Amino acid sequence: KGQILFESGRGEESLPALRKANELKPNAPLITMALGQALVATEDEAMVSEGIDHLKMTLHREPENGFAWYLLSQGYGYLGQEALAQYAVAEQAYARGDLRKASVFANRALQDMPRDTAQYRRANDIAIIANASLQDNRRRR
């Protein structure tokens, strides 16, 4: 019911049903992601922050879920956390196999992200792996 309401443009109305579904099935990543998506779509700071938490839970279970990374990048963008938004785009691109985009966004994130964070280390890993793979592909041509 919640997903149908959300997709019908009734995002606020979808929240109680999505919350209930998530309460009943807390280990279902698709439900958790749907709740996160609806919360982020409100663009309300508190709800976006809660949505980010739900999306992180989804990604803990499904780290290669490109759509969840996309939604997370939107959430960070709404909160003005540009470096984290760029990091999330890098993760999304990496999950899809778009190494060029992953490299670009990982390098952008690294410029503004604090070095002592897990996201910084992961963005650095993505940049190194993507850049090495791209160079290797160029050599093979």
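The values are calculated or read from the model by the stated rules, or taken from the named source; none is laboratory data. Remember, it's a predicted structure, so these values are computed and weren't measured experimentally. No Cβ is skipped: glycine too gets one built from the backbone with ideal geometry, and neighbour counts run over all protein chains shown. Note: accessible area is taken over every heavy atom of the protein model, side chains too, but ligands, DNA and RNA are not part of it. Shrake-Rupley method; radii C 1.70, N 1.55, O 1.52, S 1.80 Å.
Would the range 91-105 turn up any residue that is on the phi > 0 side of the Ramachandran plot and of a type in the set (Gly, Ala, Ser)?
Keep residues of the range 91-105 that are on the phi > 0 side of the Ramachandran plot, which gives 97.
Checking which are of a type in the set (Gly, Ala, Ser) leaves us with 97.
Yes, there is a match, as at least one residue in the range 91-105 is on the phi > 0 side of the Ramachandran plot and of a type in the set (Gly, Ala, Ser).
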- Complete set of residues in the range 112-136 that are open to solvent by 60 Å² or more (accessible area, probe 1.4 Å) and of a type in the set (S, T, N, Q): Gln135
- Can you name the residue in the range 71-82 that is assigned to a helix (DSSP H, G or I) and under 15 Å from Met113 (Cβ atoms) and is also most open to solvent (accessible area, probe 1.4 Å) among such residues? Glu82
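Of the residues Ala85, Ala68, Ala109, which is under 14 Å from Asp125 (Cα atoms), at pLDDT 95 or above and open to solvent by less than 20 Å² (accessible area, probe 1.4 Å)?
Numbers: Ala85 fails: under 14 Å from Asp125 (Cα atoms); Ala68 fails: under 14 Å from Asp125 (Cα atoms).
Of the residues listed, the single one that is under 14 Å from Asp125 (Cα atoms), at pLDDT 95 or above and open to solvent by less than 20 Å² (accessible area, probe 1.4 Å) is Ala109.
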- Looking only at the range 52-71, count how many residues are touching a Ser or Thr at 6+ places or on another chain (Cβ under 9 Å) and touching a residue at least 24 places away in the same chain (Cβ under 8 Å). 7
- Task: Answer yes or no as to whether Glu12 is in a helix (DSSP H, G or I) and at pLDDT below 95.
- Result: yes
- For the range 102-116, what are the residues that are over 18 Å from the mean Cα position of the chain (by Cα) and assigned to a loop (DSSP other than H, G, I, E, B)? Pro114, Arg115, Asp116
